[in-house]
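Visitor: First the structure, which I've put down as structure tokens, then a few questions once you've had a look.
The values are calculated or read from the model by the stated rules, or taken from the named source; none is laboratory data. Worth saying up front: this structure is predicted, and the values here are computed from it rather than measured. FYI the Cβ positions are ideal-geometry reconstructions off the backbone, even for glycines, and counts take in every protein chain you see. Ligands, DNA and RNA are stripped out before the accessible areas are found, and what is left, the full protein with its side chains, is counted by its heavy atoms. Shrake-Rupley method; radii C 1.70, N 1.55, O 1.52, S 1.80 Å.
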Amino acid sequence: MTENNLDEKQEERLLATWCDHVTRLVAIPSTSADTKEHDLSTLNVIAYIEAVLIKAGFSTERLEARPGHVSLYAFKGEPVILLSGHVDTVPCNADAWQSEPFTLTLREGRAYGLGACDMKGFIALMLTLAASTAGDNLALLFTSDEETDMAGALKAVEHLKGRRFSLIVIGEPTGNVPVTAHKGWMYREYRTQGKAAHSSHPELGESAIEKGLTVLNALYALRDRFKVQSDVRGQYPTLNVGRVTGGDAANRVPDTFTVIFDVRPTPYVDVAKVKEALSALPGDGVLHAPFADIAPLKDTLSPALHALLERLTGTPCQSVAYCTEGSLLQSLGPCVILGPGSIAQAHQVDEWIEISGVRRALHIFTELLRTLNRPNGDRP
């Protein structure tokens with residue numbers, strides 16, 4: 001079980017600080033999306049975070065991935081641990097919510113609001129810890145665009161190249177369970193052309209959809225092959241066909257066909273062989289990767305760090321199927337995904353985070369930072 005390293009007054013004071021921060025963070029819209037309407041700047045939320053950290057004695061560095069999309073790196077002392085979280089959220093349909101998405105609402109032991117769980121709740125925890133005694137010798141990273149192309153994390157890795165941390169914690173909602181490995185992500189778009197003709201004389205044309213069906217069958221066959229090609233941990237890559245489009249009218253032979261799909265490779269499969277299988281798709285179409293591939297997260301934690309995390313959380317380290325910025329940040333040090341809240345609440349209507357989980361996280365992270373900030377001989 002989690003150690004009780006905070007007395008009741010300390011816990012209540014930290015929790016009140018967390019609640020104030022998350023209330024203010026949720027009130028600042030910072031959605032990201034592939035549509036201009038919902039792809040908002042992060043400048044306002046970063047400005048709030050930076051002001052809090054400067055007051056707490058941190059040095060700060062803004063990192064711009066593209067105009068208006070800014071991340072923030074902050075540090076104090078000589079940090080050996082990096083806490084990281086993304087400031088952007090997915091868009092939402094406010095009409096479907098029981099309460100206002102940009103107003104934090106507390107009821108029945110939960111905090112409701114857009115991003116409360118994924119992951120402004122953890123951002124608020126980072127700010128709370130930064131202003132406490134646990135904030136000495138600490139580095140913090142607040143990234144933009146995690147929900148789209150992870151441009152903020154990519155910019156941060158470029159900026160911090162050459163730095164090495166003893167541990168990097170990405171605070172995605174794991175229910176305070178340490179996650180040390182997860183799948184990667186490969187997004188693909190396949191397009192093939194046909195020849196249009198009036199449907200009364202289909203022999204004069206060439207159906208792109210009919211050609212595309214061959215590709216669809218090959219993709220589903222590849223998906224089934226993946227299922228029996230598990231890695232050393234018994235996991236296998238998944239393949240999901242997400243959208244199929246083609247043609248434009250019932251009375252015209254279709255001359256276009258497009259399928260978009262993703263593959264999620266496990267940490268211990270040969271990614272080169274997965275790419276080789278995709279390059280062997282039949283037909284004369286073009287396979288395109290709109291976004292850079294995100295590698296799986298491999299478990300590189302030492303046995304001592306494993307033991308520490310399992311002792312503090314009371315649960316064994318696990319691997320999961322989803323993907324995080326840990327895939328990119330692992331170049332800066334061993335990564336664990338660990339934070340309050342449930343991944344089941346991410347991207348949901350009436351998103352919420354359990355207050356009891358935040359209380360538990362305050363204990364976990366306070367002791368984690370204290371332990372890793374001990375003199376070298378006492379560190380795990």
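Visitor: Inspect all residues belonging to the stretch 70-92 and state whether any of them is at pLDDT 95 or above, part of a loop (DSSP other than H, G, I, E, B), among the small types (Gly, Ala, Ser) and in contact with a Lys or Arg (Cβ under 8 Å, 6 or more places away or on another chain).
Guide: Scanning the stretch 70-92 turns up no residue that is at pLDDT 95 or above, part of a loop (DSSP other than H, G, I, E, B), among the small types (Gly, Ala, Ser) and in contact with a Lys or Arg (Cβ under 8 Å, 6 or more places away or on another chain).
Visitor: Pairs only if they're at least six apart or on different chains, beta carbon under 7 angstrom, first in the stretch 344-365 and under 20 Å from Ser84 (Cα atoms), second among the aliphatic types (A, V, I, L, M) and open to solvent by 10 Å² or more (accessible area, probe 1.4 Å); list them, first residue then second.
Guide: So the pair list comes out as His347/Val90; Val358/Leu15; Arg359/Leu15; Leu362/Leu6; Leu362/Leu14; Leu362/Leu15; His363/Leu6.
Visitor: If I filter the stretch 129-145 down to residues being hydroxyl-bearing (Ser, Thr, Tyr) and not in a strand (DSSP E or B), which single residue comes out as least open to solvent (accessible area, probe 1.4 Å)? Reasoning before the result, please.
Guide: Quick first cut of the stretch 129-145, residues hydroxyl-bearing (Ser, Thr, Tyr) only: 132-133, 143-144.
Those still in the list that are not in a strand (DSSP E or B) too: 132-133, 144.
Values: Ser132: 29, Thr133: 114, Ser144: 0 Å².
Among residues in the stretch 129-145 that are hydroxyl-bearing (Ser, Thr, Tyr) and not in a strand (DSSP E or B), the one least open to solvent (accessible area, probe 1.4 Å) is Ser144.
Visitor: From the list Thr366, Thr300, Thr315, exactly one residue is in a helix (DSSP H, G or I) and more than 18 Å from the chain's Cα centre (by Cα). Which is it?
Guide: Details: Thr300 fails: in a helix (DSSP H, G or I); Thr315 fails: in a helix (DSSP H, G or I).
It is Thr366.
Visitor: Another question about this same structure. Being outside any helix (DSSP H, G or I) and open to solvent by 30 Å² or more (accessible area, probe 1.4 Å) is the filter here, so list the residues in the stretch 146-169 that pass it.
Guide: Narrowing the stretch 146-169 to residues outside any helix (DSSP H, G or I): 146-150, 160-169.
The answer is Glu147, Thr148, Asp149, Lys161, Gly162, Arg163, Arg164, Ser166.
Visitor: Now a separate question. Out of (1) within 29 Å of Ser84 (Cβ to Cβ); (2) part of a strand (DSSP E or B); (3) among the basic types (Lys, Arg), what's the single condition that is false for Arg191?
Guide: For Arg191, the failing item is (1).
Visitor: If you don't mind, there's one more thing I want to ask. Kindly provide the set of residues from the stretch 178-214 that are surrounded by fewer than 18 Cβ atoms within 10 Å (Cβ to Cβ), of a type outside the set (D, E, K, R) and touching a residue at least 60 places away in the same chain (Cβ under 8 Å), ordered by number.
Guide: Hits for the stretch 178-214 are Tyr187, Gln193, Thr214.
Visitor: Just checking, how many residues over the stretch 45-67 are under 21 Å from the mean Cα position of the chain (by Cα) and in a helix (DSSP H, G or I)?
Guide: From the stretch 45-67, those under 21 Å from the mean Cα position of the chain (by Cα) are 45-46, 49, 62-66; that's our starting set.
Filter once more, keeping what is in a helix (DSSP H, G or I): 45-46, 49.
Selection size over the stretch 45-67: 3.
Visitor: Which residues, counting only those in the stretch 265-287, are within 27 Å of the chain's Cα centre (by Cα), of a type outside the set (Phe, Trp, Tyr), open to solvent by 50 Å² or more (accessible area, probe 1.4 Å) and at pLDDT below 95? Give the derivation first.
Guide: In the first step, residues of the stretch 265-287 are kept if they are within 27 Å of the chain's Cα centre (by Cα); the result is 265-278, 287.
After this cut, where a residue has to be of a type outside the set (Phe, Trp, Tyr) as well, the list is 265-267, 269-278, 287.
Pick out the ones that are also open to solvent by 50 Å² or more (accessible area, probe 1.4 Å) and you get 270, 272-273, 275-276, 287.
Asp270, Ala272, Lys273, Lys275, Glu276 - these are the residues of the stretch 265-287 that are within 27 Å of the chain's Cα centre (by Cα), of a type outside the set (Phe, Trp, Tyr), open to solvent by 50 Å² or more (accessible area, probe 1.4 Å) and at pLDDT below 95.
Visitor: Being open to solvent by 70 Å² or more (accessible area, probe 1.4 Å) and either part of a strand (DSSP E or B) or touching a Pro at 6+ places or on another chain (Cβ under 9 Å) (or both) is the filter here, so list the residues in the stretch 246-264 that pass it. Let's see the steps before the verdict.
Guide: Step one: filter the stretch 246-264 for residues open to solvent by 70 Å² or more (accessible area, probe 1.4 Å), giving 248, 250-252.
Result: Asp248, Arg252.
Visitor: For the stretch 318-349, which residues satisfy the criterion of being of a type in the set (A, V, I, L, M) and modelled with pLDDT of 95 or more? Spell out the reasoning first.
Guide: Step one: of the stretch 318-349, the residues of a type in the set (A, V, I, L, M) are 320-321, 328-329, 332, 336-338, 343-344, 346, 349.
Result: Leu328, Leu329, Leu332, Val336, Ile337, Leu338, Val349.
Visitor: Checking Glu37 against (1) closer than 14 Å to Phe142 by Cα; (2) assigned to a helix (DSSP H, G or I); (3) free of Cβ contacts under 8 Å to residues at least 24 places away in the same chain, only one condition comes out false. Which one?
Guide: (1)
Visitor: Right, something else. Just name the residue that is farthest from the chain's Cα centre (by Cα) out of those in the stretch 68-96 that are in contact (Cβ under 8 Å) with a residue 12 or more places away in the chain and farther than 26 Å from Thr128 by Cβ.
Guide: Step by step, filter the stretch 68-96, then rank; the result is Ala96.
Visitor: Ok, one more. Look at the stretch 318-356 and say how many of its residues are open to solvent by less than 30 Å² (accessible area, probe 1.4 Å) and assigned to a loop (DSSP other than H, G, I, E, B).
Guide: 12
Visitor: Determine whether Leu305 is at pLDDT 95 or above, buried (at least 17 other Cβ atoms within 10 Å of the Cβ) and part of a loop (DSSP other than H, G, I, E, B).
Guide: For Leu305, the condition - at pLDDT 95 or above, buried (at least 17 other Cβ atoms within 10 Å of the Cβ) and part of a loop (DSSP other than H, G, I, E, B) - is not met.
Visitor: Looking at the stretch 273-285, I want the residues that are under 25 Å from Gly246 (Cα atoms) and have a partner that is part of a helix (DSSP H, G or I) and β-branched (Val, Ile, Thr) with Cβ atoms under 6 Å, at least 6 apart or on another chain. Which pairs are those?
Guide: Here the result reads Leu281/Val215; Pro282/Thr214; Gly283/Thr214; Gly283/Val215, each pair linking the stretch 273-285 to a residue that is part of a helix (DSSP H, G or I) and β-branched (Val, Ile, Thr).
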